[in-house]
Structure formats: structure tokens, C-alpha cells
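To keep things clear, I will list the structure first and then write my remarks on it.
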Amino acid sequence: MIKTLENLMNAKQIVFIDQIVQNLEGSYTPTGIVLWFLRQRTQLEGMRPADYFLEDNWDPEDPAWKKLLN
């Protein structure tokens, strides 16, 4: 399998989403985790995380995401 920049970015995105879910598992029920992704976030300029993930080129290195993880 040839690794491309796109594949590497997808891997980073998947790992990042997993980190978010792991952080939320300590405080939220499975339904609560889903709802977390559906609520608007000021750190994402009012976007919902779920909407942000649907963008083609979202970057897990974006400083807004760092704020969400802290």
C-alpha cells in the first residue's frame, strides 16, 4: 500500500477523534458523547464538531481543537 499525504491526514484525523472520545468517556454516557459532537462550540466559531469533521481538509493540528481537548 502506498502512503499518501491524504492517507496520513486521514489517520491523524481518526486518532484525533479517538482522543476526543476517550476524553469524553470519563464524564459522558455514549449518548452524551454523540450529543457533544452535535452541539455548537465557540472554540470552533459556532460550528458543531460533527460539521467540522465533514469539511474536506479539517486539520487536527488546528489550535481551536487544542482548546477543546484541554
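Numbers at a glance
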{"item": "Residue in region 9-30 that is of a type in the set (K, R), under 11 Å from the mean Cα position of the chain (by Cα) and modelled with pLDDT of 90 or more present", "result": "no"}
{"item": "Every residue from region 15-33 that is open to solvent by 80 Å² or more (accessible area, probe 1.4 Å), part of a helix (DSSP H, G or I) and in contact with a helix residue (DSSP H, G or I) (Cβ under 9 Å, 6 or more places away or on another chain)", "result": "Q19, N23, E25"}
{"item": "Residues of region 46-58 satisfying the condition of being at pLDDT below 85 and either open to solvent by 50 Å² or more (accessible area, probe 1.4 Å) or closer than 19 Å to G32 by Cα (or both)", "result": "Y52, F53, L54, E55, D56, N57"}
{"item": "Odd one out for I2, checked against (1) surrounded by 13 or more Cβ atoms within 10 Å (Cβ to Cβ); (2) at pLDDT below 85", "result": "(1)"}
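The values are calculated or read from the model by the stated rules, or taken from the named source; none is laboratory data. Here the structure is a predicted model, which means the values were calculated and not measured. Here Cβ is always computed from backbone atoms with ideal geometry, including for glycine, and neighbour counts include all displayed protein chains. Only protein heavy atoms, including side chains, enter the accessible area calculation; ligands, DNA and RNA are left aside. Shrake-Rupley method; radii C 1.70, N 1.55, O 1.52, S 1.80 Å.
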